[in-house]
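The values are calculated or read from the model by the stated rules, or taken from the named source; none is laboratory data. Only a predicted model underlies this, so the values are computations on that prediction, with no experimental measurement involved. Here the Cβ positions follow ideal geometry from the backbone for every residue, glycine too, while neighbour counts run over all protein chains shown.
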Amino acid sequence: MNAHVYPDLHLYVDGAWRKTKDDQPVINPADETVLGTVPMVSRSDLDDALEAAANGFRIWSRTAPRQRAQIMLKAAALMRERIEEIAAAITMEQGKPLAEARLEVIRGCEFFEWDAGEAQRTYGRVIPSEPGIRYIVIHEPVGMVAAFSPWNFPMSQPSRKIAGALAAGCSIIIKAAEETPAGAFHIARALHDAGLPRGVFNLVFGVPADVSQYLIPQRQTGLIAFTGSTAIGKHLTELAARHMKPVLMELGGHAPVIVCDDVDPVAAAHLSAVRKARNAGQVCTSPTRFYVHKSRYDAFTKAFAERARAVTVGNGFDASVQMGPVANHRRVDALRALVEDARAKGAKVLAGGDVTTNRGYYFPVTVLADLPPDARAMSEEPFGPLALINPVSSIDEAIEKANALPFGLAAYAFTHSAANVDRLSTGIEAGNVSINTLEASVAETPFGGMKESGYGREGGAEGISHYTHVKTISHRLAI
């Protein structure tokens, strides 16, 4: 269906491209064909990357913030120029529609552009004191960052970590996803072409457990930054704690959506169904658990199901397609299992529910209603185009149900009442609460979770602080 060429992938270590003896195939989720191969890092490659990152840190940490910003902005400009090439590679390897892939490239560039500005705003302060002494607080780069990014956003997820680290003056080794490696590869190309000094940025692919277990204990590693599941995040945090390494964890979610009794249920349903289809629901902030006031419930569920059934699913290069495949057969199997479990326990399937083709990892937008609390989908993050809708009698009941899970990454609500907004804003336990919008994160706002959805923040003025140490300098002017 497309004539696009998938890139010839390499590792990027110490400012140079390299292949390895081992590789694995990259599969197109739309038709299960092999796009190419991704090189898998060896222990010696990691040793080279560690040495390079240590040397790169000595250079980059002493580079003026304005110079760091200029290189980052140049890299962002190059990625914007190459948007069609990068977006096509993302659609090939991850499946999302080409229009969504273009937006992802723009989003990744915005992270670079915002953090380039923040590089020049890592302010310290002078604390008032008695005459003859000065207490000065400064922020210094934390060191080499070992970063791990997931497969669902091949370009924007690595961008967020890379941009924050580079802005702070850190070097970085990023282990990007083997299933969707081209996004990070294109970031490496742009940084290389922008003139980033050797060793500051290093890109590897490999067996996740092997790479993390080797990088985290190393003396060069100053911070571990991870986006992924809560289970793996806990494991990496435990490993980091053994070596007293700080972590930045952006983990799983199971986002609730509260629909109050003062909104148009059809408008809210249509907006929700469209957003549920974004990235085939493979988003940690994807709206999933809908708690709808009983007076709006029938109209909302009917409109949601109708809009879900209207979503065109297919190859992302087809301009008429609104949702591509899920990433792999594991997601298809997991979604099937959740739907069958809910159906067996009495839930109603209002739309979708099973695959419609034998080739490609396609799963339709699926709407389940009247789910019992013991349905697995009510507590397990579906990470796919699965919407769960239940009625509630009050806003307090909705907030209680929204907070019932151990996750707290993103939450949403629809209301036009100022009193409701105040109740929702203070009552919901989530790092990101959005009202009358289903956008949870932009470059200029801090993003991160509460409870088992992780800790630390990426983006906004707060994001860069996690890539720095705070140092206090006490200076008596005379002895």
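Being under 19 Å from the mean Cα position of the chain (by Cα), on the phi < 0 side of the Ramachandran plot and either at pLDDT below 95 or among the charged types (D, E, K, R) (or both): is that true of Arg198 here?
Answer is no for this residue.
Looking at the stretch 107-138 only, could you name the residues that are farther than 23 Å from Ser61 by Cα, out of contact with any strand residue (DSSP E or B) (no Cβ under 9 Å at 6 or more places or on another chain) and surrounded by fewer than 16 Cβ atoms within 10 Å (Cβ to Cβ)?
Listed by number, the residues that qualify are Glu130, Pro131.
Within the stretch 315-327, can you find the residues that are closer than 12 Å to Leu98 by Cβ and not aromatic (Phe, Trp, Tyr)?
Scanning the stretch 315-327 gives Asn315, Gly316, Asp318, Ala319, Ser320, Val321, Gln322, Gly324.
Of the conditions (1) out of contact with any strand residue (DSSP E or B) (no Cβ under 6 Å at 6 or more places or on another chain); (2) more than 25 Å from His139 (Cα to Cα); (3) surrounded by 15 or more Cβ atoms within 10 Å (Cβ to Cβ); (4) small (Gly, Ala, Ser), Ala16 clears all except one; give me its number.
Here Ala16 clears every test but (3).
Take the residues in the stretch 280-304 that are surrounded by fewer than 24 Cβ atoms within 10 Å (Cβ to Cβ) and over 20 Å from Ile399 (Cβ atoms), then tell me which one is nearest to the chain's Cα centre (by Cα).
Applying the filter and picking the extreme gives Val283.
Need at least 3 residues that are under 20 Å from Phe153 (Cβ atoms) and within 24 Å of the chain's Cα centre (by Cα) per element, so show me which helices (runs of 4 or more DSSP H) inside the stretch 24-138 make the cut, counting only ones lying wholly within it. Steps first, answer last, please.
Working: elements: 43-60, 65-81, 83-94, 98-118.
Fully inside the stretch 24-138 and qualifying: 65-81, 83-94, 98-118.
Out of the residues in the stretch 146-171 that are among the aliphatic types (A, V, I, L, M) and touching a Lys or Arg at 6+ places or on another chain (Cβ under 7 Å), which is farthest from Ala64 (Cα to Cα)?
My answer is Ala147.
From the list Pro181, Pro141, which one is in contact with a Cys (Cβ under 9 Å, 6 or more places away or on another chain), at pLDDT 95 or above and surrounded by 24 or more Cβ atoms within 10 Å (Cβ to Cβ)?
Pro141
Please work out which residue is nearest to Gly164 (Cα to Cα), limiting yourself to the stretch 436-449 and to residues that are buried (at least 18 other Cβ atoms within 10 Å of the Cβ) and out of contact with any Pro (no Cβ under 7 Å at 6 or more places or on another chain).
Ala443
Do we have any residue at all in the stretch 324-340 that's among the polar types (S, T, N, Q), closer than 24 Å to Cys260 by Cα, in contact (Cβ under 8 Å) with a residue 12 or more places away in the chain and not assigned by TED's automatic domain parsing to the domain that holds Trp151? Break it down into steps so the answer makes sense when it comes.
Of the stretch 324-340, the ones among the polar types (S, T, N, Q) are 328.
Among the residues that remain, those that are also closer than 24 Å to Cys260 by Cα are: none.
Within the stretch 324-340, none of the residues are among the polar types (S, T, N, Q), closer than 24 Å to Cys260 by Cα, in contact (Cβ under 8 Å) with a residue 12 or more places away in the chain and not assigned by TED's automatic domain parsing to the domain that holds Trp151.
Please verify whether Phe363 is touching a helix residue (DSSP H, G or I) at 6+ places or on another chain (Cβ under 7 Å) and crowded, with 24+ Cβ neighbours inside 10 Å, treating the condition exactly as stated.
Answer is yes for this residue.
Taking the conditions exactly as written (closer than 26 Å to Met155 by Cβ and over 25 Å from the mean Cα position of the chain (by Cα)), does Ser320 satisfy them or not?
So Ser320 passes the test.
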